[in-house]
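S.K.: Let me give you the structure first, and then I'll get to my questions.
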Amino acid sequence: MTQAKVLVARSIFPETIARLQAHFDVEANQADDDWSAAQLIEKLQGKQGVFTTGSERIDAALLAACPDLKICANMAVGYNNFDLDAMTARGVLGTNAPDVLTETTADFGFALLMATARRIAESEHFLRAGQWKKWRYDMFSGSDIHGSTLGIIGMGRIGQGIAKRGALGFGMKVIYHNRSRLDAALEAECKASYVGKEELLKTADHVVLVVPYTPASHHTIGAAELALMKPTATLVNIARGGIVDDAALAVALRERRIAAAGLDVFEGEPKVHPDLLTVPNVVLTPHIASATVPTRRAMADLAVDNLIGFLVDGKPVTPLNPA
Ligand code: DGY
């Protein structure tokens, strides 16, 4: 039987390539440069599967130019790089990598919240710059985590993980907003109460965003929403760029309309809005919320499981569409 042909669109663990090679005829991009859309189309000719990392755009134009493609396996839980409707229309399967990164990403959401509220990055830069000359009563005073109100927008698995960390680990009052309310048992497990978005923004001391990116969630937080937040509040985005209007956030931070923000994702990343780079009260990290060695390996393994499951056994593990 001839082996299916699979493309790996970005550099990845050698072990991941080896696993794929045991089942497929593999071409892998092991350079550190991303392929352009045109290069990706060229490389996809004759390939039945592609291993994507979450940023390769799979849309109607690419699908029309790659008639052999049958499956796109994302090594990410988010899949806003896929036009799922176009994929379904062409009979191309999309898969993602849920669950394996939930706890790692929730850990990072909490780490970013703490670094932001307690001004860890800002004070470290101050120290490294040799500016620490004396102790002062008000030096880098931030806001408390324990006993404060945590507002979570998006209460999927990662949101629930953050809620539990806040309620059980830090005695926080947890409120959340989501498209649909959790059932009572899950709310009790997360010790979280459902509120409207406006109430959450007005009352939370710390707001964490964990919603998937869709046209409906574009700029969930813009100037109007930032204006509702407390001037002492912090905002953390570990979801996707585009959920926050980064330009409006930079203005709110500069004018101290909110106290601070922690951002792991950006509109148009890896570019970062230049105004965010010049305000001190923001912690910026390069989309690393799921970046621990075991979790990144598990994400890659799940993408491989999906390619094998579908192309060899006819049964993907985590399908996204009915293709
Ligand atoms: C995801 O899995 O969607 C994360 O953003 C990691 O890339």
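Computed from the coordinates by the stated procedures, all read-outs in this text should not be read as laboratory data. Bear in mind that the values here come from a model prediction, so they are computed numbers and not experimental data. Note that we place each Cβ from the backbone using ideal geometry, even for glycine, and neighbour counts take in every protein chain shown.
S.K.: Hey, what did the chain get for relative contact order, percent, Cα under 8 Å, at least 6 apart?
M.R.: For the chain, the relative contact order is 18 percent.
S.K.: Give me the net charge for the shell around Thr149: Cβ to Cβ below 10 angstrom, other residues only, Lys and Arg +1, Asp and Glu -1.
M.R.: +1
S.K.: Could you compute the net charge surrounding Val92? Neighbours are other residues with a C-beta less than 14 Å from the C-beta of Val92; K and R count +1, D and E count -1.
M.R.: -1
S.K.: In what sequence do Thr2, Thr234 fall when counting other Cβ within 10 Å, fewest first?
M.R.: Thr2, Thr234
S.K.: Kirkwood hydrodynamic radius, region 102-284, all distinct C-alpha pairs: what's the number in Å?
M.R.: Result for region 102-284 stands at 16.5 Å.
S.K.: Collect residues whose amide H, placed 1.01 Å from N in the peptide plane, falls under 5 Å from the amide H of Gly46; neighbours closer than 5 in sequence don't count.
M.R.: Asp68
S.K.: Something else: What FRET efficiency do you get for Lys202 and Arg157 if R0 is 22 Å and r is their Cβ-Cβ distance, rounded to the nearest 0.05?
M.R.: The pair Lys202/Arg157 has a calculated efficiency of 0.25.
S.K.: Taking only complete DSSP H runs, can you tell me which helices of the chain stretch 15 Å or more along their own long axis by Cα positions and average at least 0.0 on the Kyte-Doolittle scale?
M.R.: Numbers: long enough: 102-117 (22 Å, 0.76); 293-311 (27 Å, 0.64).
Counting only whole DSSP H runs, the qualifying helices are 102-117, 293-311.
S.K.: Fully extended, how many nm does the chain gain between Arg179 and His146 (0.36 nm per residue separation, minus their Cα-Cα distance)?
M.R.: 9.2 nm
S.K.: Now a separate question. Mean-square fluctuation check for the chain, GNM, Cα pairs under 10 Å: which of Phe126, Phe170, Phe266 is largest?
M.R.: Phe126
S.K.: Something else now. If exposed trypsin sites (Lys or Arg not before Pro) are those in a DSSP loop with at most 15 other Cβ within 10 Å, what is the longest stretch of the chain that has none?
M.R.: With trypsin sites (Lys or Arg not before Pro) excluded where exposed in loops, the chain gives 58-132 as its longest stretch.
S.K.: On a C-alpha basis, how far is the centre of region 202-263 from the centre of region 1-21 in Å? Whole number, if you could?
M.R.: 39
S.K.: Let me ask another. Could you calculate the contour length gain from His125 to Thr214, that is, 0.36 nm times the residue separation minus the distance between their Cα atoms, to one decimal place in nm?
M.R.: Result: 28.5 nm gained on full extension.
S.K.: Alpha carbon centre of region 150-179 versus region 37-104: separation in Å?
M.R.: So the separation of the two Cα centres works out to 31 Å.
S.K.: How high is the relative contact order of region 25-170, given as a whole-number percent (alpha carbon pairs under 8 Å, six or more residues apart)? Before the final figure, lay out each step's value.
M.R.: On the way: 140 pairs, mean separation 24.9, N = 146.
For region 25-170, the relative contact order is 17 percent.
S.K.: Also, quick follow-up: So which GluC sites (Glu not before Pro) in region 220-323 end up in coil per DSSP with only 11 or fewer other C-beta atoms within 10 Å?
M.R.: Listed in order of number, the matching sites are Glu255.
S.K.: What is the calculated FRET efficiency for Val195 to Gln39, with r their C-beta to C-beta distance and R₀ = 45 Å, to the nearest 0.05?
M.R.: 0.45
S.K.: Label-point separation (nm) for Asp68 and Thr232, each offset 7 Å from Cα along Cα-to-Cβ?
M.R.: So the two model labels end up 6.3 nm from each other.
S.K.: Show me, for region 22-28, the HN-Hα J-couplings you get by feeding each phi into the Karplus relation (A = 6.51, B = -1.76, C = 1.60, θ = phi - 60°), rounded to Hz, glycine and proline as x.
M.R.: 5, 10, 10, 8, 10, 10, 10
S.K.: Let me ask another. Where does the charge balance sit around Asp59 when Lys and Arg score +1, Asp and Glu -1, over other residues with C-beta under 14 Å from its C-beta?
M.R.: So the surrounding residues net to -1.
S.K.: Take the cross-link list Lys43/Lys315; Lys133/Lys173; Lys134/Lys271 and give me the ones stretching past 32 Å between alpha-carbons.
M.R.: As for pairs spanning more than 32 Å Cα to Cα, those are Lys133/Lys173; Lys134/Lys271.
S.K.: Another question, then. Could you check the simple spin-label distance between Gln21 and Ala86, using points 7 Å along Cα→Cβ, in nm with one decimal?
M.R.: 3.3
S.K.: Pairs of Cα atoms under 8 Å, at least six residues apart: use those to get the relative contact order of region 102-284, whole percent.
M.R.: Answer for region 102-284 is 21 percent.
S.K.: Still on this structure: For the chain, what is one quarter of the convex hull surface built on the Cα atoms, given in nm²?
M.R.: Spelled out: convex hull of the Cα atoms, projected over all directions, averaged, 18.1 nm².
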